[in-house]
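Following: one structure in structure tokens, then a few remarks.
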Amino acid sequence: MHALLTSHRMVMCLPSSMFAAAGIQVANSRDGHDVVEWLANQPFCDGKVAMWGGSYAGFDQWATAKEFPPHLATIVPAAAAHPGLDYPSYNNLAMAYDVQWFTLTSGHTAQDNLFGDQKFWRTKFLDAYKKHLPFKSLDSFVGNPSVNFQRILKHPTADAYYDAMLPTRDQFQKFTLPVLTITGQYDGDELGALTYYRDHFANASPQSRAKHFLIIGPWDHAGTRTPTDEVAGVKFGAGAIVDLNDLHRQWYDWTMKAGPKPAFLKNQVAYYLLAPGNSGANGEWKYADNFETLTANPKTYYLDSKNGDANGVFRSGSLNEEQPNTGTDTFVYDPMDLRRGENVEGTDPKEKTAAIDQTFALSIVKDGLVYHTDPLPNETPLVGCPAVNLWVSIDTPDVDLECDLYEIQPDGTSIALWSDLRRLRYRESLREARLVKPGEIVRCDFNPGLFVARRLMKGSRLRLVVTAVNSILWQKNYCSGGVVAEETAKDARTCNVQVYHDAEHPSAMQLPLRDPAMLQE
């Protein structure tokens, strides 16, 4: 940070809506414009203003840029939250974390100590889960009624409220300023960061795209600003430690002072390829000139099972390159079943082991499905964006589903790789609900575009878990088809889920398994 401060003057500015009013507000974008222009006219400024920051402060860089302040020279959004997509809900599934965030921002200053007390929050969330309280009462239940929490519950889908906070297609087309996007493979806002990136590339001119660089480290959310060499038990190696403050300085020197291009940015896309195993061995920084090309052409693996039995790790179905002709698998979601919240999640956040813990997968019986690939015959890079296409039928109007992908190494070690959640009523659009008719076979795509880059060990298998969302951390869907935030135990309906894998309904997973030769520089 010292090098950055000696090279560029910095001003810390808190959004007017973050404290006291709290929450994401449409006014931020115009506030950002006015701050940029005010700074540009100060005697210490040469008329060029850049932005820095992550998460909320990544979002507000895009929100400011869409207002086109004349003196904004560049933005560097890290882990940028994307309203209506990954915050304050994720694919329209509301998070208990919203109440935690609104508590952080509900005073005139940040409530950091209370916000960071994970044991307190998990205890509260577990208690609300056990009591089957309506999600809309969670703010009052934890002792901090929030106008902003109630406001977002009135916008359960991507709509005009969130659209107003985001760049439009026309605005993306007009962007000309240099952009450096930073995210990580374990970043909770990777979805948001990459969506901004993709939307810009889909609409911008070739000249503008040439000035947009992307870094995908192995990091979690905080690591996109202060990198570490390990997250939740997954070891990255010392190569993951990048001086991002100095990289910012070099970026600003290049884009605002005609300095040299940062040496780290060898091409348009930089990503960290994790080493095989979990020993802490160094991974490698790899480069590509096009993110779309890098992630193209995954391999298709079809879900299959013997006699319709895939209900557990030790009686799992399979993931095969050959498409099956017949078959269905079944699991049951009972909203009144509390075992997962009480016995699997509990109040311990497992911050040191969450990404290698197998308690969740091993708990799956009749409440989910498990599929494995055959052991890999060779060390194999997994580089790209996994996706799942499920053909399902249910006997309730709605249900929330999740898919989770793991590497199971030859010694039994599990590495969390990828995850996605979907509310089935929004299977066709995040903007419009369509409840499911009893017995209707529908397709649900789990394709968030989250990036994974790891060398899988020889002999490893990939494990896919398919289940319903039943967690202390997420709004509970009681499957009535009503307003989920208002549902309680009285609305609960047990949901029988059938997953099809026949010739007409080929449920499958797209796995970006690569030829090692592809990754040679």
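Residue-by-condition table, conditions (1) among the polar types (S, T, N, Q); (2) touching a residue at least 40 places away in the same chain (Cβ under 8 Å); (3) buried (at least 20 other Cβ atoms within 10 Å of the Cβ):
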{"site": "E379", "(1), (2), (3)": "no, yes, no"}
{"site": "A387", "(1), (2), (3)": "no, yes, yes"}
{"site": "L405", "(1), (2), (3)": "no, yes, yes"}
{"site": "I415", "(1), (2), (3)": "no, yes, yes"}
{"site": "S429", "(1), (2), (3)": "yes, no, no"}
{"site": "P438", "(1), (2), (3)": "no, yes, no"}
{"site": "F446", "(1), (2), (3)": "no, yes, yes"}
Worksheet item: Tell me, which residue of the stretch 364-375 that is more than 12 Å from R463 (Cα to Cα) and in contact with a Ser or Thr (Cβ under 7 Å, 6 or more places away or on another chain) is surrounded by the fewest Cβ atoms within 10 Å (Cβ to Cβ)?
Response: D367
Practice prompt. Mind telling me which of the residues V231, V242 ends up being over 19 Å from Y287 (Cα atoms), β-branched (V, I, T) and out of contact with any Leu (no Cβ under 9 Å at 6 or more places or on another chain)?
Written response: V231
Worksheet item: How many residues, within the stretch 98-111, are within 19 Å of A485 (Cα to Cα) and either without any contact (Cβ under 8 Å) to a residue 40 or more places away in the chain or among the aliphatic types (A, V, I, L, M) (or both)?
Response: 3
Worksheet entry | Entirely in the stretch 461-521, the strands (runs of 3 or more DSSP E) that have 2 or more residues that are more than 30 Å from P156 (Cα to Cα) and not small (G, A, S) | 461-468
Worksheet entry | helices (runs of 4 or more DSSP H) contained entirely in the stretch 124-211, each with at least 1 residues that are in contact with a Gly (Cβ under 7 Å, 6 or more places away or on another chain), under 22 Å from L265 (Cα atoms) and outside the structural domain of G346 (by TED's automatic domain parsing) | 190-203
Worksheet entry | Cβ-Cβ under 7 Å pairs, at least 6 apart or on other chains, the stretch 344-368 side over 24 Å from A128 (Cβ atoms), far side at pLDDT 95 or above and of a type in the set (K, R) | A361/R463
Worksheet item: Just for the stretch 462-492: of the residues that are among the basic types (K, R) and buried (at least 19 other Cβ atoms within 10 Å of the Cβ), which one is nearest to F149 (Cα to Cα)?
Response: K476
Practice prompt. Report yes if some residue within the stretch 68-76 is surrounded by 21 or more Cβ atoms within 10 Å (Cβ to Cβ) and small (G, A, S); otherwise report no.
Written response: no
Worksheet item: If the Cβ limit is 6 Å and pairs must be 6+ apart or interchain, which residue in the stretch 265-293 that is without any contact (Cβ under 8 Å) to a residue 60 or more places away in the chain pairs with which residue that is among the charged types (D, E, K, R)?
Response: N267/D289; Q268/D289; G280/K235
Worksheet item: In the stretch 397-419, what count of residues is obtained for those that are over 17 Å from Y333 (Cβ atoms) and not hydroxyl-bearing (S, T, Y)?
Response: 11
Item to complete: Please tell me if F264 is aromatic (F, W, Y) and either out of contact with any helix residue (DSSP H, G or I) (no Cβ under 8 Å at 6 or more places or on another chain) or assigned to a strand (DSSP E or B) (or both).
Response: no
Item to complete: Would you point out which residue out of G308, G317, G327 is over 24 Å from the mean Cα position of the chain (by Cα), modelled with pLDDT of 95 or more, surrounded by 15 or more Cβ atoms within 10 Å (Cβ to Cβ) and at positive phi?
Response: G327
Response to the item:
Among K490, K437, the single one that is closer than 25 Å to G327 by Cβ and either modelled with pLDDT of 95 or more or in contact with a helix residue (DSSP H, G or I) (Cβ under 9 Å, 6 or more places away or on another chain) (or both) is K437
Worksheet item: So which residues in the stretch 65-97 are more than 15 Å from the chain's Cα centre (by Cα) and touching a residue at least 40 places away in the same chain (Cβ under 8 Å)?
Response: A65, K66, F68, L72, A73, T74, I75, V76, P77, A96
Worksheet item: Would a scan of the stretch 303-320 turn up a residue that is touching a helix residue (DSSP H, G or I) at 6+ places or on another chain (Cβ under 7 Å) and within 22 Å of R454 (Cβ to Cβ)?
Response: yes
Worksheet entry | Elements of type strands (runs of 3 or more DSSP E) in the stretch 372-426, at least 1 residues being over 24 Å from V234 (Cβ atoms) and in contact with a Cys (Cβ under 8 Å, 6 or more places away or on another chain) | 387-394, 400-408, 414-423
Discussion item. For N113, only one of the following conditions fails: (1) out of contact with any helix residue (DSSP H, G or I) (no Cβ under 9 Å at 6 or more places or on another chain); (2) assigned to a helix (DSSP H, G or I); (3) closer than 23 Å to C13 by Cβ. What is its number?
Written reply: (3)
Worksheet item: Is it true that some residue in the stretch 310-318 is outside any helix (DSSP H, G or I) and without any contact (Cβ under 8 Å) to a residue 12 or more places away in the chain?
Response: no
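The values are calculated or read from the model by the stated rules, or taken from the named source; none is laboratory data. The model shown is predicted, which means the values in this text are computed figures rather than measured ones. Counting neighbours? That spans all protein chains shown, and the Cβs are built from the backbone with ideal geometry, glycine included.
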